[in-house]
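*Asks:* Would you mind keeping the following structure in view while I ask a few things?
The values are calculated or read from the model by the stated rules, or taken from the named source; none is laboratory data. The structure displayed is predicted, hence computed values, not measured ones. Positions of Cβ are generated from backbone atoms using ideal geometry, with glycine treated the same way; all protein chains shown enter the neighbour counts. With ligands, DNA and RNA removed, areas are computed over all heavy atoms of the protein, side chains included. Shrake-Rupley method; radii C 1.70, N 1.55, O 1.52, S 1.80 Å.
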Amino acid sequence: MNLLNIYVLCFCFVLAASELLGPESRRRLSKQKEVDDKDDETVENERAVDAEDVKKTLETINNDVYAGYKFLDNVVKNRRQLKVEELNPNEAVISEKELEEMELALKWLQSKIKPESALLQLEARLESEPEKLDEDPQELLNKLPELPEEETELSPELKEAKEIYDDAVKKLERRSPDLLGSILQIKRAAEYGYAPAKIKLAWSYLFGEGVEHDIMKAKITFETLAEEGNADAHAGLGFLYATGIGVPVSQGRALIHYMIGALGDSDFAQMALAYRYWSGATLPSSCPKALELYMKVASKVAGSVTLSGGPAIQRTRLADEAESGGALDSDLIEYYQLLAEKGDVQAQIYLEGGDGIKADNETALRYFRKAAELNNPVGQSGLGIMYLQGRGVPKDTATAFKYFAMAANQGWVEGQLHLGFMYFGGIGVRRDFKQANKYFSLASQSGHVLALYHLGQLHAQGLGVLRSCTTAVELFKNVCERGRWSARLMRAHATWRARDADSAFLQYLALAERGLELAQTNAAYLLDEGEVQLFGPEERWRRALQLWGRGAAQGHAPARVKLGDYHYYGQGTPQDLEAAAHHYRIASEHLHSAQATFNLGYMHERGLGLARDAHLAKRCYDLAADASPDARLPAALASARLAAAAALTSLAEYVSQSPLAVIFLSGESPLLSNWDLYLITALAGALGLVVYLRRPAAA
């Protein structure tokens, strides 16, 4: 838009906001003034009441605008200053055009920031008091004015829609969900205008889950709700732009939508942004920013955890399942899910209630005592909970501590967890963060979400341990990946088993944006195997390379080997043997991959991207055989090939020193035919194999 158009637009706006004045209008204004003077006192009283609310609202809006400004400002500055070699070559980066668009947005946002912004004041205070920079970031955020809570009363129609939607979600979370029936209910709730139902339905259209696969319907729904300020809709648009599903890839737009969604408390947007800050994917790495975002989502996950632990999630790696020739027995999965949902003793059900069973403290107490008398750690832990909370018995923290200690000494996770709670809060014992860290660490080995969450808090604040942002982020990330959305892993796997690879891929891709390594590598596997029909061959390889790269960055050894393979064969990237060797070396030395070690041996043997060296090749083959039983036969054959080559070389040197060398090498020997020479070669190879197989075992 040129300057002339801008001036015309501004002029039209002034005309629309103005009023033409003449003699009659002046007379009307004079009469109106008399009326207004009489009502001044009443109006002033009303204004006094509303002024404070208006001030709070404006302050909140101003803070949000400033937060958006700082986010974009950091992105632009870091991208301008970041050197090309510091960028991850497997990640799509923000283009120059997108940077220019973001800079224009910055100028507009900067003009809207008021000097009294609380965030602006906080930044100024930190600049003037640098010693405050060591303060906990969460404490700084807590000092800011809270957002005013909007209590909007739902209409009777929307209340009914909410009930329908909540019932449908419960059905989807069951062990054997009624998918079609639940989607029909969600459709009804969406028709009533209930926003969460619309968001859920949009994702269903995107995945083709219970409805036809229609990406454009999902996109239109996200766009419509995003215009209304829906945070989850912004997160959906961020996913589309980040992955290029239904729209051209635009990392700049994806980041803006994720930022708005995160400000609106969308867990998808918060996890997507946190992962990008943690991994440096399309954004400069920032541990404090990742920590802040992961803490928000982790608190939601920890707040929803119950004693029974919720439904079990089977995390299937597609590549491993394909190699083993089948999945885990479905009956066994059902059994594990049943244990997780019901608890492995009947008493837990009576303690919490659920599934038609009313909570009954007396019945639970009877079961727990009977189990504790048999030295059962579950019963001991259950009794500890009842004494700790005073449920059916007088509250007694000392007795609770005794029972928790008995259960913990037998390695029971609930006993360890509650001992951690008691030491952490100083309940019945002297507060001791080191002891709390000890018992939370023990409980976390069983993967208990609350143990991981509180360990993250200890490391984030430096309580009982050295403060570590990196460790805290990894712990909170682990908690976030155990939220209710992780059940999508099982639905994606079931979809893949039903031969719908496109839908399975999109489901895994959505979880990959949240930062789940398993989802990233499963999505990459589907692309690698050619099962996904959404893209052409070149784009398929390129997308797979990016996803393998993200999985490799999270420490998955087969993904790192795949990166080496893609560079070796030139799939999704120009062929680069040195880069291939680099990835193989990382997988071999740091991740102990036998396949990567074997590949390094082959490259040394042939001089491909590495110096040709038979001794190093032999060393690599031996290390591969020691690292994995599966590598022993290939390594033995490769070593035999090396021995045969060495024998032939020695034979050639010996023959070259003989008077008959010229005759033998010319093939005109009256004594040896070509077949004789081939036989000598074969015998030399066999001799090399025998020598190799009779070698002494490695120390």
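*Asks:* Could you list, in sequence order, the residues of the stretch 547-567 that are in contact (Cβ under 8 Å) with a residue 40 or more places away in the chain and either more than 25 Å from the chain's Cα centre (by Cα) or open to solvent by 40 Å² or more (accessible area, probe 1.4 Å) (or both)?
*Replies:* Of everything in the stretch 547-567, those that are in contact (Cβ under 8 Å) with a residue 40 or more places away in the chain and either more than 25 Å from the chain's Cα centre (by Cα) or open to solvent by 40 Å² or more (accessible area, probe 1.4 Å) (or both) turn out to be ALA553, GLN554, PRO558.
*Asks:* Given the options ARG484, ARG499, name the one that is in contact with a Gly (Cβ under 9 Å, 6 or more places away or on another chain), open to solvent by 40 Å² or more (accessible area, probe 1.4 Å) and modelled with pLDDT under 95. Even if it seems obvious, please write down each step before you answer.
*Replies:* On the way: ARG499 fails: in contact with a Gly (Cβ under 9 Å, 6 or more places away or on another chain).
Matching residue, one of ARG484, ARG499: ARG484.
*Asks:* Okay, moving on. Just to be sure I understand, how many residues within the stretch 514-540 are aliphatic (A, V, I, L, M), open to solvent by 10 Å² or more (accessible area, probe 1.4 Å) and within 21 Å of ASP565 (Cβ to Cβ)?
*Replies:* Number of matching residues: 1.
*Asks:* Going by what's in this entry, would ARG619 be described as over 22 Å from GLY551 (Cβ atoms) and assigned to a loop (DSSP other than H, G, I, E, B)? I'd like the intermediate steps shown before the answer.
*Replies:* On the way: over 22 Å from GLY551 (Cβ atoms): yes; assigned to a loop (DSSP other than H, G, I, E, B): no.
Taking the combined requirement at face value, the residue does not satisfy it.
*Asks:* For the stretch 199-229, name all the residues that are at pLDDT 95 or above, open to solvent by 20 Å² or more (accessible area, probe 1.4 Å) and either over 24 Å from ASP500 (Cβ atoms) or under 22 Å from the mean Cα position of the chain (by Cα) (or both).
*Replies:* Within the stretch 199-229, LYS200, TRP203, GLU223, THR224 meet the criteria.
*Asks:* Hey, among TYR602, TYR678, TYR654, which residue is loosely packed, with under 13 Cβ neighbours inside 10 Å and modelled with pLDDT of 55 or more?
*Replies:* On the way: TYR602 fails: loosely packed, with under 13 Cβ neighbours inside 10 Å; TYR678 fails: modelled with pLDDT of 55 or more.
Exactly one residue qualifies, and that residue is TYR654.
*Asks:* When you check LEU511 against the structure, is it among the aliphatic types (A, V, I, L, M) and open to solvent by 40 Å² or more (accessible area, probe 1.4 Å), yes or no?
*Replies:* Working: among the aliphatic types (A, V, I, L, M): yes; open to solvent by 40 Å² or more (accessible area, probe 1.4 Å): no.
So LEU511 does not fit the description; no.
*Asks:* Identify, please: which residue in the stretch 174-198 is out of contact with any Leu (no Cβ under 9 Å at 6 or more places or on another chain) and among the basic types (Lys, Arg) and is, among those, least open to solvent (accessible area, probe 1.4 Å)? Please lay out each step first, then the result.
*Replies:* Of the stretch 174-198, the ones out of contact with any Leu (no Cβ under 9 Å at 6 or more places or on another chain) are 174, 176-177, 180-181, 184-185, 188, 191, 196-197.
In the following step, the residues that additionally are among the basic types (Lys, Arg) were identified as 174, 188.
Details: ARG174: 143, ARG188: 110 Å².
Ranking the qualifying residues of the stretch 174-198, first place goes to ARG188.
*Asks:* List pairs: first residue in the stretch 450-462 and free of Cβ contacts under 8 Å to residues at least 60 places away in the same chain and closer than 12 Å to TYR294 by Cβ, second residue open to solvent by less than 30 Å² (accessible area, probe 1.4 Å) and β-branched (Val, Ile, Thr) anywhere in the structure, Cβ distance under 6 angstrom, at least six positions apart or on different chains.
*Replies:* LEU452/VAL479
*Asks:* Suppose the filter is on the phi < 0 side of the Ramachandran plot, open to solvent by 10 Å² or more (accessible area, probe 1.4 Å) and under 15 Å from the mean Cα position of the chain (by Cα); does ARG543 pass it?
*Replies:* Working: on the phi < 0 side of the Ramachandran plot: yes; open to solvent by 10 Å² or more (accessible area, probe 1.4 Å): yes; under 15 Å from the mean Cα position of the chain (by Cα): no.
Against the criterion (on the phi < 0 side of the Ramachandran plot, open to solvent by 10 Å² or more (accessible area, probe 1.4 Å) and under 15 Å from the mean Cα position of the chain (by Cα)), ARG543 does not qualify.
*Asks:* Mind listing whichever residues of the stretch 262-276 are open to solvent by 20 Å² or more (accessible area, probe 1.4 Å) and under 24 Å from ALA553 (Cα atoms)?
*Replies:* Filtering the stretch 262-276 for residues open to solvent by 20 Å² or more (accessible area, probe 1.4 Å) gives 263-265, 267.
Hit for the stretch 262-276 is ASP267, nothing else.
*Asks:* Can you tell me which residues in the stretch 177-221 are within 28 Å of PRO156 (Cβ to Cβ) and in a loop (DSSP other than H, G, I, E, B)?
*Replies:* Residues satisfying the conditions are ASP178, TYR192, GLY193, TYR194, GLY210, VAL211.
*Asks:* Can you find, within the stretch 232-261, the residue that is farthest from TYR194 (Cα to Cα) among those that are of a type in the set (A, V, I, L, M), open to solvent by 10 Å² or more (accessible area, probe 1.4 Å) and outside any helix (DSSP H, G or I)?
*Replies:* Filtering first and then ranking leaves VAL249.
*Asks:* Could you grab me the full set of residues in the stretch 403-421 that are among the hydrophobic types (A, V, I, L, M, F, W, C) and either under 30 Å from the mean Cα position of the chain (by Cα) or crowded, with 24+ Cβ neighbours inside 10 Å (or both)?
*Replies:* From the stretch 403-421, those among the hydrophobic types (A, V, I, L, M, F, W, C) are 404-408, 412-413, 417, 419, 421; that's our starting set.
Those that are among the hydrophobic types (A, V, I, L, M, F, W, C) and either under 30 Å from the mean Cα position of the chain (by Cα) or crowded, with 24+ Cβ neighbours inside 10 Å (or both): PHE404, ALA407, ALA408, TRP412, VAL413, LEU417, LEU419, PHE421.
*Asks:* For residues in the stretch 356-393 being among the aliphatic types (A, V, I, L, M) and either open to solvent by 40 Å² or more (accessible area, probe 1.4 Å) or in contact with a strand residue (DSSP E or B) (Cβ under 9 Å, 6 or more places away or on another chain) (or both), which is modelled with the lowest pLDDT?
*Replies:* Keep residues of the stretch 356-393 that are among the aliphatic types (A, V, I, L, M), which gives 357, 359, 364-365, 371-372, 374, 378, 383, 385-386, 388, 393.
The next check asks that each one be either open to solvent by 40 Å² or more (accessible area, probe 1.4 Å) or in contact with a strand residue (DSSP E or B) (Cβ under 9 Å, 6 or more places away or on another chain) (or both); those that pass are 357, 359, 374.
Details: ILE357: 49, ALA359: 57, LEU374: 89.
Within the stretch 356-393, the match that is modelled with the lowest pLDDT is ILE357.
*Asks:* Kindly list, by first and then second residue, each pair from a residue in the stretch 245-264 that is within 19 Å of ASN230 (Cβ to Cβ) and aromatic (Phe, Trp, Tyr) to a residue that is open to solvent by less than 40 Å² (accessible area, probe 1.4 Å) and at pLDDT below 95, limited to pairs with Cβ atoms under 9 Å and residues at least 6 apart or on different chains.
*Replies:* Listed by first residue and then by second, the contacts come to nothing, as the list is empty.
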